[in-house]
Amino acid sequence: MSLENFIPVLQLSIAPVIVISGVGLILLSMTNRIARVIDRSRELSNILRNDEAGSEKHQVRQQLVILERRSQLLRRAIEFACISLLLAASLVIVLFFVVLMDIEAVMVITLIFVSCMFSLIAALIFFLMDVHASLSALKLEVKIM
């Protein structure tokens, strides 16, 4: 394969690499949010264990329920984001093999790309659901004060 034939392959590979970069940043945000959920859950669990909640035990338990829901949503979001990343990386590899072996694989490439985008959409939906759940927890906490 000559360099002239290889340059279009590199150009085709840029789109999936941009997706990898963007989803990586979203994944960073998701992992930061789940770390905060874990930290807050531990803090509230310690308050309940040490019987520091007093009359607010019910509200603390409600917050823990919301945090549990948020952790599940974030786990799903992270799973779908990782699947999206894996599919985008696979797409780059498939593009290279298709060109190197000179085979027709438009359907395979299309299927991988569409699956990548659907996984990203699912990750973002779960991420938005987490944001909504975190606002519910905020309303509960503000109501306490």
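Some observations on this one:
- Evaluated against (1) over 20 Å from Gly24 (Cβ atoms); (2) modelled with pLDDT under 95; (3) among the β-branched types (Val, Ile, Thr), Val37 falls short on exactly one condition, (2).
- Subset of segment 41-63 [open to solvent by 40 Å² or more (accessible area, probe 1.4 Å) and either within 28 Å of the chain's Cα centre (by Cα) or under 30 Å from Val19 (Cα atoms) (or both)]: Arg42, Glu43, Arg61, Gln62
- Number of positions in segment 106-134 that are surrounded by 14 or more Cβ atoms within 10 Å (Cβ to Cβ), hydroxyl-bearing (Ser, Thr, Tyr) and more than 30 Å from Gln63 (Cβ to Cβ): 2
- From the list Ile14, Ile103, Ile38, the one residue that fits, being in a loop (DSSP other than H, G, I, E, B), of a type in the set (Val, Ile, Thr) and surrounded by fewer than 17 Cβ atoms within 10 Å (Cβ to Cβ), is Ile103.
- Within segment 100-145, the set of residues being free of Cβ contacts under 8 Å to residues at least 60 places away in the same chain, in contact with a helix residue (DSSP H, G or I) (Cβ under 6 Å, 6 or more places away or on another chain) and farther than 25 Å from Ile7 by Cβ comprises Ser115, Ser119, Ala122, Phe126, Met129.
- Residue match in segment 75-91 (condition: open to solvent by less than 70 Å² (accessible area, probe 1.4 Å), in a helix (DSSP H, G or I), out of contact with any strand residue (DSSP E or B) (no Cβ under 8 Å at 6 or more places or on another chain) and closer than 27 Å to Glu141 by Cβ): yes
The values are calculated or read from the model by the stated rules, or taken from the named source; none is laboratory data. The model shown is predicted, which means the values in this text are computed figures rather than measured ones. Neighbour counts run over all protein chains shown; Cβ positions are idealised from the backbone, glycine included. Just the protein is used for accessible areas: all its heavy atoms, side chains included, with ligands, DNA and RNA removed. Shrake-Rupley method; radii C 1.70, N 1.55, O 1.52, S 1.80 Å.
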